[in-house]
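We did not get these values from a lab; they are worked out from the coordinates using the rules stated. Every value quoted in this text rests on a predicted model; they were computed, and no experiment measured them. Cβ coordinates were reconstructed from backbone atoms using ideal geometry, including for glycine residues, and neighbour counts include every protein chain displayed.
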Amino acid sequence: MLVLSRKLQQAIQIADDIEIKILGIEGDQVKIGIDAPKHIEIHRKEVFLAIQEENSAAAKTISVNALKGFLQGTEKKE
C-alpha cells in the first residue's frame, strides 16, 4: 500500500486520467474530489462490497434449468 500525505487543495494523480484532490478537512473527516473518466465506476468501499454481495447472491439463485433454457435458446439462434 502506498501512503501519501496531502494538504488542502493538493492532489494525487493516478495514471493519465484520474486525479484525487483534497477539498476540505473538518475534524476527523476529509472531503475528497475524484476526477475520472465516466466509464470508471467509483463507489465508497461499503457500497462496493454490498454490490459484490448482491451480485454473488444473484449468481447463486439462478437455477440450472434456467441456465439450460438460456443455453438452448442460444443454440437455436446459431
Leading residue at positive end of dipole, the chain (Cβ point charges), from Gln29, Phe48, Gly73
Gly73
Stretch gain in nm, segment Val3-Ile40, where the contour uses 0.36 nm per residue and the Cα spacing is subtracted
11.1 nm
Using DSSP to call loops (not H, G, I, E or B), can you name the trypsin sites (Lys or Arg not before Pro) in the range 1-71 whose Cβ has at most 12 other Cβ atoms within 10 angstrom?
Lys7, Lys38, Arg44
Treating only Lys and Arg (+1) and Asp and Glu (-1) as charged, each at its beta carbon, one finds that the chain has a dipole about its Cα centre, in Debye to the nearest 20, of 140
